[in-house]
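Below: the structure, in structure tokens.
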Amino acid sequence: MNAPHIHRARRTFSASKAVEVQGSVLTEIKADDDITFKDMARVLGRSEDRAAIYAAGGSAMDLPTFLAGCDVWGGRFADPLLRLAGGRWAEAGAICSSDDRAALTLAMLLPAIIEIEADGITEAEELRPHAQLIRKVNALTRRWLDMLAQSHGASE
């Protein structure tokens, strides 16, 4: 069977590694937020003893418990666990550009534009070698402007 969407190249991780990471993340959150296992249990919808077991890396949590943690702690809880499968947390409504290197794209274009603009005259022939990067930057900035417009409307 050769179905790349099913049999894709992926990282291999063990269940014990996932439970270990889960414990480390919960222990870090407990310390950073200065909360008790009772507080953690309230967030996770589990007993205080169960929260302590999760933080000690003694048991894997179920999906509803994981989602309860995501709801309150977001990416700082979810990201280390999702990274085991090559994923990451994004807030609902976030626009993912699928370009993990948007800053690099901008940085690659900037020196060329500075040089082109130096004489105060910009001509198409000067821009042509950079057309692909210019289009990529344009697509990124359009998405960012849309995000700003949506967040401005939501904040009013």
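Quick look at the numbers
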item: Single unsatisfied condition, ASP49 versus (1) of a type in the set (Asp, Glu); (2) closer than 16 Å to LEU82 by Cβ; (3) surrounded by fewer than 12 Cβ atoms within 10 Å (Cβ to Cβ); result: (2)
item: Filter pass, LEU26 being over 30 Å from LEU148 (Cβ atoms), at pLDDT below 95 and surrounded by 14 or more Cβ atoms within 10 Å (Cβ to Cβ); result: no
item: Every pair of residues 6+ apart whose Cβ atoms lie under 9 Å, when the first sits in the stretch 127-144 and is over 14 Å from LEU110 (Cα atoms) while the second is of a type outside the set (A, V, I, L, M, F, W, C) and surrounded by 13 or more Cβ atoms within 10 Å (Cβ to Cβ); result: ALA139/SER97; ALA139/ASP99; LEU140/SER97; LEU140/ASP99; LEU140/THR105; ARG143/SER97; TRP144/SER97
item: Output for the stretch 80-98, where each listed residue is at pLDDT below 85 and in a helix (DSSP H, G or I); result: ALA85
item: Filtered residues of the stretch 50-70 (kept if free of Cβ contacts under 8 Å to residues at least 12 places away in the same chain and assigned to a helix (DSSP H, G or I)); result: ARG50, ILE53, LEU63, LEU67
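Every residue, every condition in (1) at pLDDT 80 or above; (2) among the small types (Gly, Ala, Ser); (3) assigned to a loop (DSSP other than H, G, I, E, B); (4) outside the structural domain of ILE29 (by TED's automatic domain parsing), yes or no:
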site	(1), (2), (3), (4)
ALA78	yes, yes, no, no
LEU109	no, no, no, yes
GLU115	yes, no, no, yes
PRO129	yes, no, no, yes
ALA149	yes, yes, no, yes
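The values are calculated or read from the model by the stated rules, or taken from the named source; none is laboratory data. Just so we're clear, the structure is a prediction, and the values are computed from it rather than from any experiment. Positions of Cβ are backbone-derived with ideal geometry, glycine not excepted, and every protein chain shown enters the neighbour counts.
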